[in-house]
1. If you check residue 193 against the conditions, is it in a helix (DSSP H, G or I), within 30 Å of residue 131 (Cβ to Cβ) and in the same structural domain as residue 281 (by TED's automatic domain parsing)?
2. Restrict the check to the stretch 235-245 and report whether at least one residue is in a loop (DSSP other than H, G, I, E, B) and under 16 Å from residue 172 (Cβ atoms).
3. Which is assigned to a helix (DSSP H, G or I), under 17 Å from residue 188 (Cα atoms), assigned by TED's automatic domain parsing to the domain that holds residue 195 and at pLDDT 95 or above, of 277, 253?
4. Please verify whether residue 222 is assigned to a helix (DSSP H, G or I), surrounded by 18 or more Cβ atoms within 10 Å (Cβ to Cβ), in the same structural domain as residue 300 (by TED's automatic domain parsing) and touching a helix residue (DSSP H, G or I) at 6+ places or on another chain (Cβ under 7 Å), treating the condition exactly as stated.
5. Give the stretch 163-178 a look and list any residue that's at pLDDT below 95 and either surrounded by fewer than 20 Cβ atoms within 10 Å (Cβ to Cβ) or in a helix (DSSP H, G or I) (or both), or say none.
6. Pairs, please: C-beta under 9 Å, at least 6 apart or cross-chain, first residue without any contact (Cβ under 8 Å) to a residue 40 or more places away in the chain and in the stretch 305-320, second in a loop (DSSP other than H, G, I, E, B)?
7. What's the number of the condition residue 205 fails, among (1) outside the structural domain of residue 112 (by TED's automatic domain parsing); (2) surrounded by fewer than 22 Cβ atoms within 10 Å (Cβ to Cβ); (3) part of a loop (DSSP other than H, G, I, E, B)?
8. So in the stretch 28-47, with the set limited to residues that are outside any helix (DSSP H, G or I) and in contact with a strand residue (DSSP E or B) (Cβ under 7 Å, 6 or more places away or on another chain), which one is surrounded by the most Cβ atoms within 10 Å (Cβ to Cβ)?
């Protein structure tokens with residue numbers, strides 16, 4: 001049974017991925033966390049917890065070795081430390097290869113799945129797929145400022161294929177189970193609802209925004225499919241955009257306002273130069289056909305707008 005280590009496994013995405021792997025019945029799941037309070041949550045979910053900092057090179061190399069890990073999944077979103085973690089994973093893979101070489105044996109490579117994001121495509125003027133290489137002269141637009149560094153790191157991950165079996169998943173905005181990603185948009189609506197205001201509700205977004213989205217459960221299913229095929233079934237370009245729908249901001253806000261009982265009109269205020277707000281407010285033209293055809297990914301959570309009442313209510317319960 002393959003042994004999978006999830007970096008950031010107690011987080012919003014990491015926990016969902018761990019649960020999907022366990023439900024398959026085909027994987028043993030381990031997860032790192034820096035938060036001692038989350039050890040119990042991992043154990044309760046039948047995931048073996050490992051307390052420590054994944055950006056600590058010795059800790060990560062030792063963990064991969066001591067637990068005989070076959071595949072590592074990075075769900076940490078550790079922007080400034082991704083290079084350090086990748087170097088540690090490569091070192092663990094080299095150590096394993098050296099040990100096998102001394103025994104004059106051949107064995108499988110260590111697998112590594114990196115979590116990037118569809119924001120690397122920016123706001124292209126045409127439909128793009130994961131065969132489009134972002135951050136290059138061939139890309140139709142530049143990445144969002146908040147993730148301008150990511151295309152170069154994706155290339156570094158791909159360059160490590162001499163010692164690792166790698167894959168890169170690029171999810172859209174992840175929603176479901178009270179996700180925070182739409183809080184900058186829905187927060188002002190909730191505040192207006194609570195105050196009973198009938199005046200304009202300012203939202204920090206552009207009216208032309210079209211957001212690529214994916215439910216956290218569907219995304220977790222994509223990780224499961226990738227783990228099952230890594231090293232033998234991903235082809236020469238193991239990079240996959242994972243987006244279920246591209247939704248227009250007007251539909252998102254109008255629907256959420258209705259659910260929350262907002263009385264005033266919506267006023268689009270732009271992103272004020274904020275890098276995160278800019279990223280969420282891109283005009284997405286994502287396509288996930290390769291994830292469906294190669295990974296066999298079949299997203300179940302569709303019809304975002306039609307299900308906004310449930311989605312917004314789930315988000316609302318997490319607001320204090």
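1. On the way: in a helix (DSSP H, G or I): yes; within 30 Å of residue 131 (Cβ to Cβ): no; in the same structural domain as residue 281 (by TED's automatic domain parsing): yes.
Against the criterion (in a helix (DSSP H, G or I), within 30 Å of residue 131 (Cβ to Cβ) and in the same structural domain as residue 281 (by TED's automatic domain parsing)), residue 193 does not qualify.
2. So the first thing to find is which residues in the stretch 235-245 are in a loop (DSSP other than H, G, I, E, B), and the list is 235-238, 243-244.
From the residues that got through so far, the ones that are under 16 Å from residue 172 (Cβ atoms) too are 243-244.
Within the stretch 235-245, one or more residues are in a loop (DSSP other than H, G, I, E, B) and under 16 Å from residue 172 (Cβ atoms).
3. Numbers: 277 fails: at pLDDT 95 or above.
Just one listed residue meets the conditions, 253.
4. On the way: assigned to a helix (DSSP H, G or I): yes; surrounded by 18 or more Cβ atoms within 10 Å (Cβ to Cβ): yes; in the same structural domain as residue 300 (by TED's automatic domain parsing): no; touching a helix residue (DSSP H, G or I) at 6+ places or on another chain (Cβ under 7 Å): yes.
Criteria not met by residue 222.
5. 177, 178
6. Pairs found: 307/301.
7. Exception for residue 205: condition (2).
8. From the stretch 28-47, those outside any helix (DSSP H, G or I) are 28-35, 45-47; that's our starting set.
Next, from what is left, pick out any that are in contact with a strand residue (DSSP E or B) (Cβ under 7 Å, 6 or more places away or on another chain): 28-33, 47.
Working: 28: 18, 29: 22, 30: 23, 31: 27, 32: 24, 33: 25, 47: 25.
The selected residue is 31.
The values are calculated or read from the model by the stated rules, or taken from the named source; none is laboratory data. This is a predicted model, so every value here is computed, not measured. Cβ atoms come from the backbone with ideal geometry, glycine included; neighbour counts cover every protein chain shown.
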